[in-house]
Amino acid sequence: MDFIKLTQDGYIGTITLDNPKKLNALSHGLVTAVIDSLQQLEKAEARVVILRAHSGAKVWSAGHDVGELPEGGRDPLGWDDPLRHLVRTIETCRMPVIAMIEGGVWGGAVETVLACDIVIAAPDATFAVTPARLGVPYNVSGMMTFMSAASLRVVKELAFTAAPISAERAERIGMINHVVAPEAIEEFTREMATTIANNAPLSIAVMKEQLRVLAGAKPVSPRGFEKVQGLRRIVYDSHDYHEGIRAFKEKRRPVFTGK
Ligand code: LCV
């Protein structure tokens, strides 16, 4: 597939951004390839996805493809913009997405990374929120993504300065999960992915959706609450729930089937 490399090893899918000549800019083509890959992995019953660039990448992604931004006269980040589709797909796909970061992350790519469920970065990774750098009015849900990942004060600093912050600072303020040395980051990420893949996929999928609904909806709407309750019932009525409880009582490893 152009723009990305897709692999699957058992329950673990890996999507590698692969358009280095354009610094993995989030062009319509690259975004479409990532979305298609997430949908393929969901169908192939992957239980966790690693989203990464090539080992040693100096730029993880340069952000929105500036060449595809309108010159003026229409919203540069409207509902149908590729970046908006990508963020929504990451947030709503059933399996957790782990962003494994090496190199610089710019603009809309920072929102893409923060929309992922877990972020593991090498020490050289940096994160720059760049609308102010381009005079772009960032969109509302994008701002919500940033506000879910960092304090309002930090979001203001990132947005107003458009300056990159280090992985070390991002971890210290809780914006990302771990900083891991480049020689260990692949193994570390894979171990976390394996741990997730060995847990109950239904329970994880519903907790991911629950957290999205709860974090996204300020007062939780009646429909949102009822949806969460209905989804939770699927889990506690499932074989996996029964198996998890039985295995614990019988002191053995559970065998989850996703049913
Ligand atoms: C298209 C690019 C890009 C690019 N698009 O290599 O968040 S918002 O609101 O801002 C949103 C709208 C958004 O995400 O906007 C994009 C935000 N991204 C940026 O501001 C990063 C822009 N790029 C850079 O600052 C540099 O390219 C970095 C620091 C990423 C890498 O610098 P380096 O010196 O290694 P070049 O700048 O020479 O870039 C290599 C080629 O990639 C193109 C760039 O125009 C150049 O093309 P040519 O070889 O044709 O000259 N390029 C870089 N970023 N976002 N194209």
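One residue is enough: does the range 68-76 have a residue meeting the conditions surrounded by 13 or more Cβ atoms within 10 Å (Cβ to Cβ) and outside any loop (DSSP other than H, G, I, E, B)?
Checked against the condition, which is being surrounded by 13 or more Cβ atoms within 10 Å (Cβ to Cβ) and outside any loop (DSSP other than H, G, I, E, B), the range 68-76 yields at least one hit.
Residues checked against (1) in contact with a Ser or Thr (Cβ under 8 Å, 6 or more places away or on another chain); (2) more than 22 Å from GLY103 (Cα to Cα):
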{"residue": "GLY10", "(1), (2)": "no, yes"}
{"residue": "ASN19", "(1), (2)": "yes, no"}
{"residue": "GLY29", "(1), (2)": "no, no"}
{"residue": "LEU41", "(1), (2)": "no, yes"}
{"residue": "SER55", "(1), (2)": "no, no"}
{"residue": "ASP81", "(1), (2)": "no, yes"}
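Can you work out which of the residues in the range 162-204 that are in contact with a strand residue (DSSP E or B) (Cβ under 6 Å, 6 or more places away or on another chain) and under 30 Å from HIS242 (Cα atoms) is most open to solvent (accessible area, probe 1.4 Å)?
Here the residue is ILE196.
Restricting to the range 43-68, give me the number of residues that are touching a Leu at 6+ places or on another chain (Cβ under 9 Å) and within 6 Å of the ligand (Cβ to nearest atom).
Counting residues in the range 43-68 that are touching a Leu at 6+ places or on another chain (Cβ under 9 Å) and within 6 Å of the ligand (Cβ to nearest atom) gives 6.
Does CYS93 meet the test of being farther than 18 Å from ALA163 by Cα, buried (at least 21 other Cβ atoms within 10 Å of the Cβ) and more than 13 Å from the ligand (Cβ to nearest atom)? Please lay out each step first, then the result.
Values: farther than 18 Å from ALA163 by Cα: yes; buried (at least 21 other Cβ atoms within 10 Å of the Cβ): no; more than 13 Å from the ligand (Cβ to nearest atom): yes.
No.
Go through the range 217-259 residue by residue and tally those that are surrounded by 12 or more Cβ atoms within 10 Å (Cβ to Cβ), at pLDDT below 80 and closer than 30 Å to MET143 by Cβ.
5
Of the residues VAL59, VAL105, which single one is within 23 Å of HIS178 (Cα to Cα) and buried (at least 22 other Cβ atoms within 10 Å of the Cβ)? Steps first, answer last, please.
Details: VAL59 fails: buried (at least 22 other Cβ atoms within 10 Å of the Cβ).
Result: VAL105 is the single residue among VAL59, VAL105 that is within 23 Å of HIS178 (Cα to Cα) and buried (at least 22 other Cβ atoms within 10 Å of the Cβ).
Taking only pairs six or more apart or across chains, which ones have beta-carbon atoms under 6 Å, a first residue in the range 120-133 that is among the aliphatic types (A, V, I, L, M) and buried (at least 24 other Cβ atoms within 10 Å of the Cβ), and a second residue that is at pLDDT 90 or above and assigned to a strand (DSSP E or B)?
ILE120/MET100; ILE120/HIS178; ALA121/ILE101; ALA121/VAL179; ALA125/ILE101
I'm checking my understanding of the structure. Among residues of the range 145-161 that are touching a residue at least 24 places away in the same chain (Cβ under 8 Å), open to solvent by 60 Å² or more (accessible area, probe 1.4 Å) and more than 21 Å from VAL59 (Cα to Cα), which one is farthest from the chain's Cα centre (by Cα)?
Going through the qualifying residues, I end up with PHE160.
Please tell me if ALA163 is modelled with pLDDT of 95 or more, under 30 Å from LEU69 (Cβ atoms) and of a type in the set (Gly, Ala, Ser). Don't jump to the end; show me each part of the working.
Numbers: modelled with pLDDT of 95 or more: yes; under 30 Å from LEU69 (Cβ atoms): yes; of a type in the set (Gly, Ala, Ser): yes.
When the stated conditions are applied, ALA163 passes them.
The values are calculated or read from the model by the stated rules, or taken from the named source; none is laboratory data. Predicted model only: the values in this text are computed from it and were never measured. Glycine also receives a Cβ, built like all others from the backbone with ideal geometry; neighbour counts cover every protein chain displayed. Side chains included, ligands, DNA and RNA excluded: accessible areas come from the protein's heavy atoms. Shrake-Rupley method; radii C 1.70, N 1.55, O 1.52, S 1.80 Å.
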